[in-house]
Amino acid sequence: KQNLRGLQGTPGNSLVRVDNKGYIYQQLTQDLPPTPGHDLILTIDSRAQKISETLLHGKTGAIILLDAETGAILAMASSPTFAPQSFTPRISRADWLSLQKDPGKPLFNRATNGEYTPGSILKPLITLSLIENGTAPSKEVDCDGASRIAEARIRCWSWRHGGHGRVAMITALQKSCNDYFIENGRVLGMEKITKTLAKAGIGQATGFPLPERTGLLPHRGS
């Protein structure tokens, strides 16, 4: 994890002789200049952060906005939250107990420690797995609005309109078609998909300098 020590600088000093009014009339040692601490440059975009916190106000959840090219965190918000200034210089016992007993768990950082169903972010990874395993991008699937797995019927978001119809890989990505990725994922198999997910870091710690949960990498039980 990243070491944040060194943000605080070191003071300088100088030994001098003063009179009874505090005026310096003799310098006994050469000045030792102060050393500034290291700068801390955040990747947070203040506007994006403010919007995220506004959107979460009164709700339970988290928002994380990343730079697609660098992975830098542009915004990170968790709700319900608490006022950080209540800990300065020291939080009162009453306020601390109130935070601990709050059913909304404001001390729980949902952005780094919450575990959620990944949803459509898996679709590009399934696409990569299809390509890695030799499935032609032009292979089409007929989306009628739902796919059945055992007794479960998993809808595509387009089910109200009867589905997307015949879709290929690029169109399926553009329209986020559930049927396409479910049907192709079933043919591809969990083992191959899991290998791709593992290479993408699913189920692994990111190295973020705050406490984090690694999430779950799907696998078959023993």
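The table that follows gives values for the structure above.
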{"item": "Residue in the range 71-91 that is farther than 25 Å from ARG47 by Cα, in contact with a Leu (Cβ under 6 Å, 6 or more places away or on another chain) and open to solvent by less than 80 Å² (accessible area, probe 1.4 Å) present", "result": "no"}
{"item": "Qualifying positions in the range 87-118 - out of contact with any helix residue (DSSP H, G or I) (no Cβ under 9 Å at 6 or more places or on another chain) and of a type in the set (Gly, Ala, Ser)", "result": "ALA94, SER98, GLY104, ALA111, GLY114"}
{"item": "Tabulated pairs, the range 146-163, first part of a loop (DSSP other than H, G, I, E, B), second open to solvent by 50 Å² or more (accessible area, probe 1.4 Å), C-beta under 7 angstrom, 6+ apart or interchain", "result": "GLY162/ASP144; GLY163/ASP144"}
{"item": "In the range 121-145, the residues that are touching a residue at least 12 places away in the same chain (Cβ under 8 Å) and open to solvent by less than 60 Å² (accessible area, probe 1.4 Å)", "result": "LEU122, LYS123, LEU125, ILE126, THR127, SER129, LEU130, THR135, VAL141, CYS143, GLY145"}
{"item": "So ILE51, is it β-branched (Val, Ile, Thr), in contact (Cβ under 8 Å) with a residue 12 or more places away in the chain, touching a helix residue (DSSP H, G or I) at 6+ places or on another chain (Cβ under 7 Å) and open to solvent by 70 Å² or more (accessible area, probe 1.4 Å)", "result": "no"}
{"item": "Scope the range 133-145; condition touching a helix residue (DSSP H, G or I) at 6+ places or on another chain (Cβ under 9 Å) and either at pLDDT below 90 or assigned to a loop (DSSP other than H, G, I, E, B) (or both); matching residues", "result": "ASN133, THR135, ALA136, PRO137, SER138, LYS139, GLU140, ASP144, GLY145"}
{"item": "Residue list for the range 189-207, filter: more than 18 Å from ALA152 (Cα to Cα), in a helix (DSSP H, G or I) and open to solvent by 20 Å² or more (accessible area, probe 1.4 Å)", "result": "GLU191, LYS192, ILE193, THR194, LYS195, ALA198, LYS199"}
{"item": "Looking only at the range 179-199, and only at residues there that are in contact (Cβ under 8 Å) with a residue 40 or more places away in the chain and touching a Gly at 6+ places or on another chain (Cβ under 9 Å), the one that is farthest from LEU217 (Cα to Cα)", "result": "ILE193"}
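The values are calculated or read from the model by the stated rules, or taken from the named source; none is laboratory data. Just so you know, these numbers come straight off a predicted model, no measurement behind them. Neighbour counts are summed over all protein chains in view; Cβ atoms, including those assigned to glycine, are modelled from backbone coordinates with ideal geometry. The accessibility values were calculated without ligands, DNA or RNA, using every heavy atom of the protein model including side chains. Shrake-Rupley method; radii C 1.70, N 1.55, O 1.52, S 1.80 Å.
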